[in-house]
Every structure is written in structure tokens, then in C-alpha cells.
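Have a look at the structure below, then the notes.
Here, each number is a calculation from the coordinates, and none is a lab measurement. From a predicted model like this one, the values you see are computed outputs, not experimental measurements. All Cβ positions, glycine included, derive from the backbone under ideal geometry; neighbour counts span all protein chains shown.
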């Protein structure tokens with residue numbers, strides 16, 4: 001498999017290592033320094049593109065891949081206001097787009113458990129729910145795309161909550177309590193942390209928590225590569241639920 005990497009930061013470098021270890025080839029790796037090489041002609045050397053860039057550039061990157069006729073797997077978060085437009089371009093170009101807020105298999109199992117727990121809690125109105133996410137200091141968006149996916153999974157199944165709101169915690173003693181109809185999401189940024197997410201359900205008599213902690217970037221990278229293999233030859237817009245079947 002020939003792969004174009006759009007965004008060559010820490011995640012892009014991890015993907016390249018795993019791709020080459022599997023005997024596949026990265027034929028194009030685009031970063032700020034060689035942005036001029038991000039052309040349709042160069043993209044067409046690849047079977048599929050994997051895009052991990054920045055929120056402000058993700059949509060244009062995806063658009064460029066789709067217009068070049070190259071399937072694209074995107075893991076950039078913070079750009080979803082443009083997702084429906086990207087989906088329309090994909091359909092108009094008869095292309096293929098795969099988006100996930102998190103490519104870790106473990107996290108996607110966590111998503112499924114989160115949705116099921118929220119369904120159980122629908123009749124247990126004595127519980128309130130909140131979330132916390134911790135990421136490395138280079139992560140620009142907050143809350144994380146994973147936290148937003150978790151929040152949406154709760155909102156779809158727990159009608160007591162109508163929306164979510166976020167708070168970037170910069171001091172250990174800061175207090176934050178969301179509006180009663182919203183899921184409060186506390187975001188923390190710490191050096192050298194791949195990612196932790198905690199969903200807490202609390203009543204007056206007990207507390208129930210589910211959490212996921214990443215130990216390295218390899219789980220995210222391996223999932224993105226698996227999505228790229230799965231996407232080649234397909235047409236349409238897909239996500240991890242399509243690939244994993246849950």
C-alpha cells in the first residue's frame with residue numbers, strides 16, 4: 001500500500017514507522033516546510049492519504065485529497081463545523097472519506113460502553129454526569145474530539161442533558177460546575193500525556209466512573225492505518241463504527 005501523509009508531526013512520524021515496518025511505503029509526507037508539494041499530481045502516487053494536521057487546515061487538506069480522487073482518512077479534530085461540506089464534496093466526487101475523533105480500538109470500545117451506560121442511566125435520574133480529559137500541551141483544541149464524541153453518546157441516550165460545555169483548567173484549585181442541563185467537560189493540558197478520558201456518574205450515595213488511558217500514540221496510529229487499508233476501494237463517508245461493526 002502506498003500512503004500519503006498529510007501532516008508530519010508526532011502522529012505522522014509514528015504512522016510512518018508502523019507503515020514501513022509492515023512493508024508498505026510512504027510516498028508523500030507533507031508538513032509546513034514542503035507544503036508546495038501538496039499537489040494532485042503528487043497525491044496520485046498514493047493509494048490513500050492519512051491526514052493528521054491542524055484544525056485550521058484540515059478541511060482544505062481533505063478537500064484537496066477528494067478533488068484529486070484520493071481516499072482520505074482524517075484524524076484531525078476541531079474542524080467539524082465543515083464536516084457536512086466535506087461530506088458533500090466526497091459525494092459529488094464519488095470519493096471516499098473516513099473520519100474518526102479517535103482511531104484507538106480501545107477508545108472505540110470505550111465509546112460503545114459509554115453509550116450503553118448512558119442508556120441505563122436514562123431511568124436513574126438521581127445521577128448526574130461530568131467528564132474530564134487530559135492531553136499533551138501541544139493539543140490546540142479543547143475539549144478533545146474524543147470528549148465531544150463521548151458527550152454526544154451521552155446526549156443521544158440521556159435526555160436529562162441537553163448539551164455540553166467545556167472549561168480549560170489551568171490551575172489545580174480551579175472550580176467548575178456546568179449548567180444543570182449540560183455535561184461539564186474539564187480539559188487539562190500536561191506535558192507528554194497521550195490522552196486520558198474519564199466519565200463520572202455521581203449521586204448522593206455513590207460514584208461510578210469509566211475511563212480510558214492511552215499509553216502511547218501507537219494505538220491511534222495503528223487504527224488509522226487499519227482504516228486506510230479498509231477504505232481503499234470503497235466509496236462514501238465512513239467512521240470507526242462502519243469498520244468495527246459496533
- Task: State all residues of the range 203-239 that are without any contact (Cβ under 8 Å) to a residue 12 or more places away in the chain and in contact with a strand residue (DSSP E or B) (Cβ under 8 Å, 6 or more places away or on another chain); if no residue qualifies, say none.
- Result: 207, 209
- Specify which of the listed residues (7, 23, 78) is more than 23 Å from the chain's Cα centre (by Cα) and on the phi > 0 side of the Ramachandran plot. 23
- Give the range 87-108 a look and list any residue that's touching a helix residue (DSSP H, G or I) at 6+ places or on another chain (Cβ under 9 Å), without any contact (Cβ under 8 Å) to a residue 60 or more places away in the chain and closer than 21 Å to residue 241 by Cα, or say none. 101
- Task: Considering every residue within the range 212-228, establish whether at least one is surrounded by 15 or more Cβ atoms within 10 Å (Cβ to Cβ) and more than 18 Å from the chain's Cα centre (by Cα).
- Result: no
- Note on the structure: Of the conditions (1) surrounded by fewer than 20 Cβ atoms within 10 Å (Cβ to Cβ); (2) under 22 Å from residue 238 (Cα atoms); (3) touching a strand residue (DSSP E or B) at 6+ places or on another chain (Cβ under 9 Å), the single one that residue 151 does not satisfy is (1)
- Select from the range 3-45 the residues that are in contact with a helix residue (DSSP H, G or I) (Cβ under 6 Å, 6 or more places away or on another chain) and assigned to a strand (DSSP E or B) and write down the one among them that is farthest from residue 59 (Cα to Cα). 26
